Amino acid sequence: MKAKPTLVTVRTGAAGLAVLALTGSLALAQTKSQLEAAANYDRGLVFLQQGAYKEAEQALRQAERRDDKNLDYQFAVAYAYLKLHRPDDALKRYQRIYKNDPTNLRAIVGLAATYEEMLNHREAVRMWQRYAKMDLPPREREEAAELLRTAQDLFVREWEIAENPAGGAPNAASRDEEREWGLQFAREMAASGIPLVQDAPLVAYVAGLCQRLVAVAKGFPREYELFVLDSPAVNAQTVPGFIFVYRGILETVQSETELAGVLAHELAHSMARHAGKSVTRAAQDQQTLEALQRQDSALARFLARLMALSNPIGQLAFSREQESQADRIAIHVLWDAGFDPRGLASLFRRFESIEPSSRRSWDLMTKTHPFSIDRMNAVNDYVTLFPDRAFPSGAAAPFSEMKARLAALPPPPTPAPSTAPAASADAAGGTVPFTLDDAPFSGEIPATWVARKTESGTIVFEGRPGTEAYEATVELEIASKASLPGRSAADIADVVYQGTSSKPNARMQRPEPRGGAYTLGGTYEVQAGQRAVRVRHVSVIGEYPGYFVILSYFAPDSLFDKYVSVFQQIAESFRYTGR
């Protein structure tokens, strides 16, 4: 049988990348089916060379059907799909071949070209990187390096297409509605009583750093207000039109790139319009749940129950993928602004270092988002997709000056100490108020404690890092009744009971109704490094107009009694504001 024609260096797509090389000859066909397949293959190659891609696809598909083990046929069909702008169909074939043989050069190049056609520059770079690392002749190695550089340039220049920050999940909220949310959030922040840092040069430095990021943050409003809050909370927040930077985050970061990293991540949530998408998703889930509940079938009832019980707390919290996407977008913002994006990974490493292992175990009870170490690894992996680039080394002088001014400031102001007798040292130092940004509740916590919002939406009250009180935790979880139709406080209490009872060596009491609420308590073990720590836990589940509330307290058994008075104080101060 004669040798088949060779297709060499065919170029396709806006990127103009080399896509495919089909070479080789077929062994003597031993069956009629193989002969027919070879004939269709010959005809398909002619059609490809003539640019008749639809006819080529039909002929090559016939060849593939008659001899589905022949890789030449599979590659040719995939290439025809690329020319027909059907990358999804091409991708299936290239992925199947690559899965069976990750060293197949044609599969690697085909995957890279397909991802370029799909404008998935991230995965295209990954495949070109793999191709460039293969054992290639010198000339092909040079060509591979050039193809990789071209792909990386596209990845850097057109990242908003690859990440699609304003697209993806549907968003029913308009820009005006999102700005109104931002204004309402700012009003609630003003009403919270948190003072502002009054050091003008310090605030000017933070404002300048934010402006440097906002200048390249595509989709973030160019007109915004920035506030530096005199609060020890390790946090930063952005909402449409506003940026809030807490003193605690300024004290925690150790480099300008770390500070830029956390700010870029918060900007990314607004750039991707995650808040509106979360609200839209919650509404869609509610519609799906109602539709399932109207169906009279065992399967529908089962699915409805799963939807009603899954993640009852933090329905509107950012999802795992939204947090990961915000990390990726932040890396691009940092790169475009001239910062080393590895500063974001350094930030996660720092957060990891200030959390004792036992506390990390407790936090995992309610977290549904990536753990800091996982996010750090994901950031480091993503950064490898960027071209090589030198960044300034050493400490930035303005950042060092900011840290010096920060250290010279007096401690954050607190209200006057309470005259009421205190049951513990932490309650004796007075209290500070708190309000919630997305639910009508308020309360007070000890002035020596801080509040933070976890990635799953839970509010955590705890002593400052490095103190004994840091080992004790009070958690506040709010669930909208609209997200849990037909559920009762007893149902929510049962969900909490099931979750805590599944912990290692758990001994939990079933929920009991007390004074219009449900309480449960018990003990379980968490792993703290190489040892197990016994934890005592108590939860109170209450019902308010439009909301369910879960207030929980847990601490090592040896510290539980010492700090239970703090839990009692927070519970007694908790109020429904009804706004």
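Results, tabulated for the structure shown:
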item	result
Projected-area average for segment 50-122 over all orientations - Cα convex hull basis, square nanometres	4.8 nm²
Projected label distance in nm at ARG514 and GLU468, using a 7 Å step from Cα toward the beta-carbon	2.5 nm
Stokes-Einstein D for segment 169-275, Kirkwood Rh over Cα pairs, 37 °C, 0.692 mPa s (µm²/s)	231 µm²/s
Net length gained if the chain between ALA490 and LYS218 were fully extended (0.36 nm per residue, minus Cα distance)	93.3 nm
Extension gain (nm, one decimal) between ASP135 and ARG179, 0.36 nm per residue minus Cα-Cα	10.4 nm
Whole-Å semi-axes of segment 39-81's equivalent ellipsoid (Cα gyration tensor)	15, 9, 8
Relative contact order, percent, segment 94-224 [alpha-carbon distance under 8 Å, six or more residues apart]	15 percent
Segment 512-562: Rg to Rh, with Rh as the Kirkwood radius over Cα pairs	1.12
For PHE242, distant residues with modelled amide H under 5 Å away	GLU225
R0 of 45 Å, Cβ-Cβ distance GLU143-SER502: FRET efficiency to nearest 0.05	0.25
Förster-model FRET efficiency, 60 Å R0, ARG389 and GLN568, C-beta, rounded to 0.05	0.65
Inter-probe distance in nm under a simple model that places probes 7 Å from Cα toward Cβ, at GLU543 and ASP438	2.4 nm
Net length gained if the chain between VAL46 and ARG452 were fully extended (0.36 nm per residue, minus Cα distance)	139.6 nm
D_trans [Stokes-Einstein, Kirkwood Rh over alpha-carbon pairs] for segment 198-254, 37 °C, 0.692 mPa s, µm² s⁻¹	279 µm²/s
Accessible-area composition of segment 480-579, carbon plus sulfur, in percent [1.4 Å probe]	47 percent
At R0 = 51 Å, FRET efficiency that the Cβ-Cβ distance of ARG65 and GLN211 yields, to 0.05	0.25
Radius, Kirkwood style, for segment 54-193 when every pair of distinct Cα atoms is counted (Å)	17.9 Å
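The values are calculated or read from the model by the stated rules, or taken from the named source; none is laboratory data. Note that this is a predicted model, so its numbers are computed, not measured. Cβ: placed from backbone, ideal geometry, glycine included. Neighbour counts: every protein chain shown. To get the accessible areas, we keep the full protein, side chains included, count just its heavy atoms, and leave off ligands, DNA and RNA. Shrake-Rupley method; radii C 1.70, N 1.55, O 1.52, S 1.80 Å.
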